[in-house]
Amino acid sequence: MSKLIKVAETKDVSPGTAKVVQAEGRSIALFNLAGTFHAIDNTCSHEGGPLGEGELAGEIVTCPWHNAEFNVKTGEAPGPPAYEGVQRYSVNVQGSDVLVEVD
């Protein structure tokens, strides 16, 4: 059963930035795109790099290890070197609390 876990407050993640958060033992990269929050697995599907430390350009984050790219809205990998996407998590904002839905 899914549950909502508070992982941050809106003030913790400025627009255009990311923050690595923990929820139910998972490392999650939380992104703020112009005030809308998105969350994906923090671990790159290519070689395990930390996506939350990658460079964000629009809705694409680039892994700092080998430049694999992922769409932070969908978790999809648009091309090599990553051939598989990463898990995407639903995000809810309640007041100033940012909550991620995990199974």
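The values are calculated or read from the model by the stated rules, or taken from the named source; none is laboratory data. Remember, it's a predicted structure, so these values are computed and weren't measured experimentally. Every residue, glycine among them, receives a Cβ derived from its backbone with ideal geometry; neighbour counts consider all protein chains shown. Accessible surface areas use protein heavy atoms only, side chains included; no ligands, DNA or RNA. Shrake-Rupley method; radii C 1.70, N 1.55, O 1.52, S 1.80 Å.
Restricting to the stretch 29-47, count the residues that are exposed (fewer than 15 other Cβ atoms within 10 Å of the Cβ) and touching a residue at least 12 places away in the same chain (Cβ under 8 Å).
Here the count works out to 3.
(1) part of a loop (DSSP other than H, G, I, E, B); (2) of a type outside the set (S, T, N, Q); (3) over 17 Å from Ser27 (Cα atoms); (4) open to solvent by 20 Å² or more (accessible area, probe 1.4 Å): which one isn't true of Val93, the others all being true?
If we test Val93 against (1) part of a loop (DSSP other than H, G, I, E, B); (2) of a type outside the set (S, T, N, Q); (3) over 17 Å from Ser27 (Cα atoms); (4) open to solvent by 20 Å² or more (accessible area, probe 1.4 Å), just (1) comes out false.
Got a sec? Which of Gly75, Gly85 is of a type in the set (Gly, Ala, Ser) and open to solvent by 30 Å² or more (accessible area, probe 1.4 Å)?
Gly85
Within the stretch 12-28, track down each residue that is open to solvent by 60 Å² or more (accessible area, probe 1.4 Å), touching a residue at least 24 places away in the same chain (Cβ under 8 Å) and not in a strand (DSSP E or B).
Those that are open to solvent by 60 Å² or more (accessible area, probe 1.4 Å), touching a residue at least 24 places away in the same chain (Cβ under 8 Å) and not in a strand (DSSP E or B): Asp12, Glu24.
Of the conditions (1) in a strand (DSSP E or B); (2) farther than 12 Å from Val13 by Cβ; (3) in contact with a Phe, Trp or Tyr (Cβ under 6 Å, 6 or more places away or on another chain), His38 satisfies every one except a single condition; which number is it?
(2)
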